[in-house]
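Input: a single structure, listed below in structure tokens.
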Amino acid sequence: MTALYDVAAIGNAIVDVIAQCDDAFLEREGLVKGSMALIDVDRASSLYDVMASGIEASGGSAGNTVAGVASFGGKAAFIGKVADDQLGRVFTHDMRAIGATFDTSPLTEGPATAQSLINVTADAQRTMSTYLGACVELTAADVDPAVIEAARYAYLEGYLFDPLEARRAFAKAAALSHGAGRKIAITLSDSFVVERHRDALLGFIETQCDIVFANASEICALFQTTDFDAAVRALAGKVEIAAVTRSEHGSIVASNGALHEISAYPVEKVMDTTGAGDQYAAGFLYGLSQGRPLPVCGQLGSLAAAEVIAHYGPRPQVSLRDLAAQNGL
């Protein structure tokens, strides 16, 4: 089958609310700096009321990656659940406006479209409080075989390991992708996700995944070690490609016994780290889909991450395709 998509992603369809704050605000609200916590609708309402004014934008980790792939000029699709409400319509419009395919049927009853309340401190660390709402209603029935089988890479968002039904959706996607001779990639998303689901994640990675994206804290949590190098070796022994980001220290790409060290692109001022890992994955997967060498894939990921942390919001504000060309990539 000819590939219609470079990347098809399955993730939480979320609208982000991003505002600046100080450390005192986080302390008053009992928020753990740099983390992602799940909250209920009442907590979402009360936290929204005390946050500073900010921006609202369609987000969600895998959705952000799809936006990055599209900005590089790639063909992308997204599978995720929104409600038939105002935020759901905003999210749907935003995905289609960037040229991505998004045809998941919305909920007509039940919880509202998800939102993530993101407080950003002066050091650019983002602290996320997420009401999942309609996201948790994603099921295997929402995984369209025509989309997954037509994608060179299916990309799975680790945050979706929380609801059991979404894990079944992952299993279905993996079976469809591998059955069509395609590849499965997953991002670990957050160290707290890893702590909650370590055994299940390891089992899924070992049996279903070809590519894993993680950052240093996530990979160390996965293997219960403080030895970063040992954790990279452990992950590299389980998958075809391991891509591990290290903030300003760049990333490590491990594959077939080889280690590639990728430098971070310089950023004059880091404004907001929201979406950095998402955009790294976008650049990397786009590079893979175009047959680029692994070091170049890592460089494309680093370039996309550098662009997004230089402004507020989790999605590119300039053409990543043009930016790559300007940097000789």
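The values are calculated or read from the model by the stated rules, or taken from the named source; none is laboratory data. The structure presented is a predicted model; accordingly, all values stated were derived computationally and were not measured. Here the Cβ positions follow ideal geometry from the backbone for every residue, glycine too, while neighbour counts run over all protein chains shown. Only protein heavy atoms, including side chains, enter the accessible area calculation; ligands, DNA and RNA are left aside. Shrake-Rupley method; radii C 1.70, N 1.55, O 1.52, S 1.80 Å.
At-a-glance table
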| quantity | calculated |
| --- | --- |
| Fully extended contour minus Cα-Cα distance, from ARG28 to ASP123, at 0.36 nm per residue | 32.4 nm |
| Share, in percent, of DSSP beta bridges within the chain that are antiparallel, nearest 5 | 35 percent |
| Packing rank of 233-246, 65-78, 95-108, where each peptide gets the mean count of other beta carbons within 10 Å, highest leading | 65-78, 233-246, 95-108 |
| Sequence of ASP142, ASP229 from largest to smallest accessible area, 1.4 Å probe | ASP229, ASP142 |
| Estimated [θ] at 222 nm from DSSP helical runs (n ≥ 4, -39500 (n - 2.57)) normalised by residues in the chain, nearest 500 | -12000 deg cm²/dmol |
| Difference of contour (0.36 nm per residue) and Cα-Cα distance, SER53 to THR108 | 16.8 nm |
| Label zone at ARG89 (point 7 Å along Cα-to-Cβ), backbone N below 20 Å, region 130-167 | 134-135 |
| Residues of type lysines that LYS269 reaches as a straight line, Cα spacing below 28 Å, ignoring anything fewer than 8 places off in the same chain | LYS33 |
| Mean-position separation - Cα centroids, region 57-122 and region 192-223, in angstrom | 24 Å |
| Percent carbon-and-sulfur accessible area, region 87-175, ignoring ligands, DNA and RNA, probe 1.4 Å | 52 percent |
| Added length on full extension, which subtracts the Cα-Cα distance from 0.36 nm per residue, THR139 to SER46 | 30.5 nm |
| Efficiency of FRET between GLN20 and ALA180 - r from beta-carbon atoms, R0 45 angstrom, step 0.05 | 0.50 |
| In Å², nearest 10: area of CYS135 left accessible to a 1.4 Å probe | 0 Å² |
| Among PRO266, PRO293, ASN327 - extreme Cα towards positive end, dipole of region 220-329, charges at beta-carbon | PRO293 |
| Lys, Arg +1 and Asp, Glu -1 on Cβ, resulting dipole of region 1-125 about Cα centre, debye, nearest 20 | 440 debye |
| Size of electric dipole in the chain: Cβ of Lys, Arg +1 and of Asp, Glu -1, about Cα centre, debye, nearest 20 | 920 debye |
| Whole-Å semi-axes of the chain's equivalent ellipsoid (Cα gyration tensor) | 26, 23, 20 |
| Listed residues GLU27, GLU157 arranged by accessible area, highest first, probe 1.4 Å | GLU27, GLU157 |
| Cα→Cβ-extended label distance, 7 Å offset, between ARG96 and ARG233, nm | 5.2 nm |
| Residue of VAL32, VAL232, VAL17 that the Gaussian network model of the chain assigns the largest fluctuation, springs spanning Cα pairs under 10 Å | VAL32 |
| Spin-label pair THR207/VAL318, simplified geometry with 7 Å Cα→Cβ offset, distance in nm | 4.6 nm |
